[in-house]
Amino acid sequence: MKGLLKVMSPFAPDQSGAASVFYDMNAITVICDAGGCTGNVCGFDEPRWHGNARPIFSAGLRDMDAILGRDDRLVDKLKKVSDKTDADFAAIIGTPVPAVIATDYRALKRMAEKRCGIPVVTCECTGTNLYDEGEELAYMELFRSFTEEIPVRKGRLGIIGATPLNLSDISADRLLRSHYEKEGYSEVMCYGMGEGLESIRQAASAELNIVVSPSGLAPARWLEKKYGTPYRIECPLAGEEAAEAKERLDGRKVLIVHNQVLACSLRDRMPESEVTVASFFKMDRSLMREGDVRVETEDQFMRLVAEGGYDAVICDELLRRAVKKDAYGEWINARHFAVSGNLEERLCEL
């Protein structure tokens, strides 16, 4: 069965990915649920919540609200919150309940904007997709709704796809800025992490975008088509364990399981090794090489490891639950927060 996990823990869902993109912005984030999905976002899928809580609300849908489609009650609640804050916009994120009852998000957006007097973006998450789908939806809604056509500024760089769910570090934005400032960029905008709405408005002024995870690919392509902004795909950050391991893995057969961009960036720095990239998440065909795999089931992952003949497997340690403890070569931990809920103590440049 596609997506079935019998041993490993469930991965972060799409509503968590969308909420992660909005988290550092001056936004009112509303999870359209009865309460459980919001609890999962704040309690498990958003590591910044525990040290820097932001306004994330549950719609608090009751049975009859869902059955009768009482969107006016959600708008009433949003109005009360917006009157007490100076938020730049509100974001309404879907979950399984509105997906099942076919909530009209466009109508909800119009009602909320008219009543509250602030911009509203909606993300039609379903709770059945994975976090990277939600991140992509959030980025696309932000750029389409707010980016203005302004001249390009030399030395300005945009970074798309950096979230703790992808990079497993709540300081990833600062590390990325430092890396690219050393490359000579005078201003680095890390969209959705450490940046507010103003960076989204000015996105067309970047002379280059860097895509650091698969959720940033579609937005980068849209910005290129709309404003002519070129993009480069790379992730200069990787887990400390993986970075140290690359020296001793030269000439060996290696499997890397992570988000595709990070995994491919690590592979590019191991030219002497035979490396296969696999992921439970988005796999863009333009980045895939022969043998790369989109993993859809736990059993498929188990077969991949058992039959691949790998000397080493680089992945989040939680994935090792699916195989025999001492089997199939060396295992190197490269944490992926969306998989295990564990953060890196430190990220390092490769």
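Values in this text are rule-based calculations from the coordinates and carry no lab data. Model, not experiment: these values are computed from the prediction. Methodologically, a virtual Cβ is constructed for each residue, glycine included, from the backbone with ideal geometry; neighbour enumeration extends over all protein chains shown.
Going Cα to Cα from LYS77, which aspartates and glutamates come in below 19 Å? Please leave out same-chain ones fewer than 8 positions away.
Result set, ordered by chain and number: ASP33, ASP63, ASP65, ASP86, ASP88, ASP104, GLU113.
For n ≥ 4 DSSP H runs only, could you compute -39500 (n - 2.57) per run for the chain, divide by its residues and tell me the 222 nm figure to the nearest 500?
Using -39500 (n - 2.57) per qualifying helix, the result is -10000 deg cm²/dmol.
Only counting other Cβ atoms within 10 Å, I'd like LYS282, LYS84, LYS253 sorted with the fewest neighbours first. Numbers along the way, then the final one.
Details: LYS282 21, LYS84 10, LYS253 15.
Least crowded to most crowded, the residues run LYS84, LYS253, LYS282.
Return the subset of LYS6/LYS80; LYS109/LYS282; LYS114/LYS226 for which the Cα-Cα distance in this structure is over 32 Å, preserving the input order.
Where the Cα-Cα span goes over 32 Å, the pairs concerned are LYS6/LYS80.
Classify segment 74-188: rounded, prolate or oblate, from the alpha-carbon gyration tensor (a ≥ b ≥ c, eigenvalue square roots; a/c under 1.5 rounded; otherwise prolate if a/b is larger than b/c)?
Judged from the Cα gyration tensor, segment 74-188 comes out prolate (a/c at least 1.5, a/b above b/c).
Put +1 on the Cβ of every Lys and Arg and -1 on every Asp and Glu Cβ in segment 156-233; which of TYR227, PRO164, TYR191 then has its Cα farthest towards the positive end of the dipole?
Of TYR227, PRO164, TYR191, it is TYR227.
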